[in-house]
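Encoded as structure tokens, the structure appears first; notes follow it.
The values are calculated or read from the model by the stated rules, or taken from the named source; none is laboratory data. Predicted, not measured: the structure shown is a model, and the values here were computed from it. Cβ atoms come from the backbone with ideal geometry, glycine included; neighbour counts cover every protein chain shown. When the accessible area is computed, the model is the full protein with side chains, heavy atoms only, and any ligands, DNA or RNA have been set aside. Shrake-Rupley method; radii C 1.70, N 1.55, O 1.52, S 1.80 Å.
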Amino acid sequence: MAVHDAMYILNGRWKISIIASLCFNTLRFTDLLREVEGISGKMLSRQLKNLEENQLVTRTVLNTQPVTVEYELTEYGHTLKEVIDSLAKWGHNHRKKITGKD
């Protein structure tokens with residue numbers, strides 16, 4: 001049941017990549033668009049809104065010209081860092097097992 005709850009929140013192609021990109025830095029929307037290869041602006045916006053609703057990401061609008069919007073992981077969102085690290089380690093080991101390369 002708990003795995004289903006986690007997968008419900010983290011489902012889809014993009015959320016893990018977005019969270020991984022935000023693990024170490026606060027990023028602007030355009031920076032995230034560059035970091036998460038292949039995602040469209042519309043999809044990024046939708047995914048960020050969902051992550052914000054689930055209290056994993058905060059959105060800050062800065063009073064600049066033009067307006068700047070920054071995204072960062074919440075303290076709660078940072079609890080996923082260990083999960084991301086484990087997935088990255090598993091992915092590295094899997095690639096090595098399948099291809100024989102690091």
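Points to keep in mind about this one:
- Candidate set: the stretch 5-34, residues that are closer than 16 Å to I84 by Cα and of a type in the set (D, E, K, R); chosen: the one most open to solvent (accessible area, probe 1.4 Å): R13
- L62 aliphatic (A, V, I, L, M) and in contact with a strand residue (DSSP E or B) (Cβ under 8 Å, 6 or more places away or on another chain): yes
- Taken over the stretch 1-34, the criterion of being within 10 Å of the chain's Cα centre (by Cα) and part of a helix (DSSP H, G or I) is satisfied by L10, K15, I16, S17, I18, I19, A20, S21, L22, L32.
- Filtered residues of the stretch 50-72 (kept if assigned to a strand (DSSP E or B) and aliphatic (A, V, I, L, M)): V57, V61, L62, V69
- Residue that is nearest to S21 (Cα to Cα), among those in the stretch 35-49 that are outside any loop (DSSP other than H, G, I, E, B) and open to solvent by 50 Å² or more (accessible area, probe 1.4 Å): E35
- So E72, is it under 11 Å from the mean Cα position of the chain (by Cα), more than 29 Å from D102 (Cβ to Cβ) and charged (D, E, K, R): yes
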